Amino acid sequence: MVDSVIDAANWLFQSRLKKTVHENLPDTCYPDTTELAYRVQDQLVSKIISSRDSRRIGYKIGCTNQQIMELLGTDEPFYGCIFSDSTYSSDAILSASDFTHRIVEAEFMLVMGNDLPFSNKQYDAESIEPFIEALIPAIEIVDHRFTNFTQVGANALISDNGIHAASILGELDVEKWKSMNLASQRVRLFVNDTLKEAGTGANVLGNPLNAMAWLANCLQLQGKTLQEGELVSTGAFCPIYSALAGDRISADFGVLGRVNLKFLR
């Protein structure tokens, strides 16, 4: 079992380095439980951090939309890790060739203001909110090693660090978000100045704070907890967009500002 976890992490790491695409993880090392999938992720994250002289600065939450859950054949979200060396400020210009896939998602990034204590009671939106210090409008770039990520099963996506690639951050907000209804907050995604997609925070488990509580509870079951200063990307507001080389992306979060990104050809 240990060998299969290490083999899966090595396979995913090499696929990332070589930018190769496959139908799925090899049968010999496919994790058949969520617990094993997160063990593979832990091994992969360690390899990424070591090879890139990076560090984990938080988490991304994926699969927060009911339709996506049904498509992937799962009944809950999953998480991956966010790294210091692949987190950029708005107006980032990135090479399209650095990614195998360039799936763009507009999301809220929440910033922990305090360490989250372990609790005998599950966290919910109300009890998690006091531990959150700030909100950052953001774009996540999702990338993966597969021909079709919807056909490989959730455990393959968990193993592949929740298929996270990069984060683009807008302006940090400490005050305005506290008086907002995050579920009704709207975002519009523009591609080359043309409106491509739109959605609200209700698409994120009904409210981005619900996603935050889910992560806290999930980590707690694994003996982990959220720490002061960590970032959490809470899930896509609107349908994803697969970007092309040369695309200019802009996510408009209204009073919270815009987040901009360009992919070089």
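The values are calculated or read from the model by the stated rules, or taken from the named source; none is laboratory data. Nothing here was measured: the structure is a model prediction, and the numbers come from that model. Glycine gets a Cβ as well: all are built from the backbone with ideal geometry, and neighbour counts include every protein chain shown.
The residue that is modelled with the lowest pLDDT, among those in the range 114-158 that are β-branched (Val, Ile, Thr) and within 25 Å of Ala37 (Cβ to Cβ), is Thr150. The single condition among (1) among the charged types (D, E, K, R); (2) buried (at least 18 other Cβ atoms within 10 Å of the Cβ); (3) more than 19 Å from Glu133 (Cα to Cα) that Arg186 does not satisfy is (2).
Within the set Gly73, Gly80, Gly58, the sole residue that is among the small types (Gly, Ala, Ser), modelled with pLDDT under 95 and either more than 17 Å from the chain's Cα centre (by Cα) or surrounded by 17 or more Cβ atoms within 10 Å (Cβ to Cβ) (or both) turns out to be Gly73. Exactly one residue out of Ala251, Ala243, Ala211 is closer than 30 Å to Lys121 by Cβ and either buried (at least 16 other Cβ atoms within 10 Å of the Cβ) or among the acidic types (Asp, Glu) (or both), and it is Ala211.
The set of residues in the range 125-143 being out of contact with any Phe, Trp or Tyr (no Cβ under 7 Å at 6 or more places or on another chain) and charged (D, E, K, R) consists of Glu126, Glu129, Glu133, Glu140. Being within 25 Å of Gly199 (Cβ to Cβ) and in contact with a Ser or Thr (Cβ under 9 Å, 6 or more places away or on another chain) is the requirement here; does Ile128 meet it? Taking the combined requirement at face value, the residue does not satisfy it. Checked against the criterion of being over 30 Å from Ser95 (Cβ atoms) and either without any contact (Cβ under 8 Å) to a residue 12 or more places away in the chain or charged (D, E, K, R) (or both), the range 185-200 contains one or more residues that satisfy it.
Looking only at residues of the range 254-265 that are out of contact with any helix residue (DSSP H, G or I) (no Cβ under 9 Å at 6 or more places or on another chain) and under 19 Å from Ile93 (Cβ atoms), we find that the one that is surrounded by the most Cβ atoms within 10 Å (Cβ to Cβ) is Val259. State the number of residues belonging to the range 40-81 that are without any contact (Cβ under 8 Å) to a residue 40 or more places away in the chain, among the β-branched types (Val, Ile, Thr) and under 25 Å from Val2 (Cα atoms). Number of matching residues: 1. Within this structure, Glu140 fails the test of being surrounded by fewer than 19 Cβ atoms within 10 Å (Cβ to Cβ) and either closer than 30 Å to Gly254 by Cβ or of a type outside the set (Lys, Arg) (or both).
Residue by residue, here is whether (1) closer than 25 Å to Arg188 by Cα; (2) among the charged types (D, E, K, R); (3) touching a helix residue (DSSP H, G or I) at 6+ places or on another chain (Cβ under 7 Å) holds:
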site: Gln67; (1), (2), (3): yes, no, no
site: Phe99; (1), (2), (3): yes, no, no
site: Ala106; (1), (2), (3): yes, no, no
site: Asp115; (1), (2), (3): no, yes, no
site: Tyr123; (1), (2), (3): no, no, yes
site: Leu157; (1), (2), (3): no, no, yes
site: His164; (1), (2), (3): yes, no, no
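Of all residues in the range 85-125, those being touching a residue at least 60 places away in the same chain (Cβ under 8 Å), in a helix (DSSP H, G or I) and out of contact with any Pro (no Cβ under 9 Å at 6 or more places or on another chain) number 3. Within the range 1-39, being in contact (Cβ under 8 Å) with a residue 40 or more places away in the chain, surrounded by 11 or more Cβ atoms within 10 Å (Cβ to Cβ), under 26 Å from Glu76 (Cβ atoms) and β-branched (Val, Ile, Thr) holds for one residue alone: Thr34.
Could you say which residue among Glu175, Glu228 is of a type in the set (D, E, K, R) and closer than 26 Å to Ser119 by Cα? One residue alone meets the criteria, Glu228.
Residues in the range 152-183 that are surrounded by fewer than 22 Cβ atoms within 10 Å (Cβ to Cβ) and touching an Asp or Glu at 6+ places or on another chain (Cβ under 8 Å): Ala166, Val174. Could you please let me know if Ser250 is within 27 Å of Leu44 (Cβ to Cβ) and either hydrophobic (A, V, I, L, M, F, W, C) or in contact (Cβ under 8 Å) with a residue 40 or more places away in the chain (or both)? So Ser250 does not fit the description; no.
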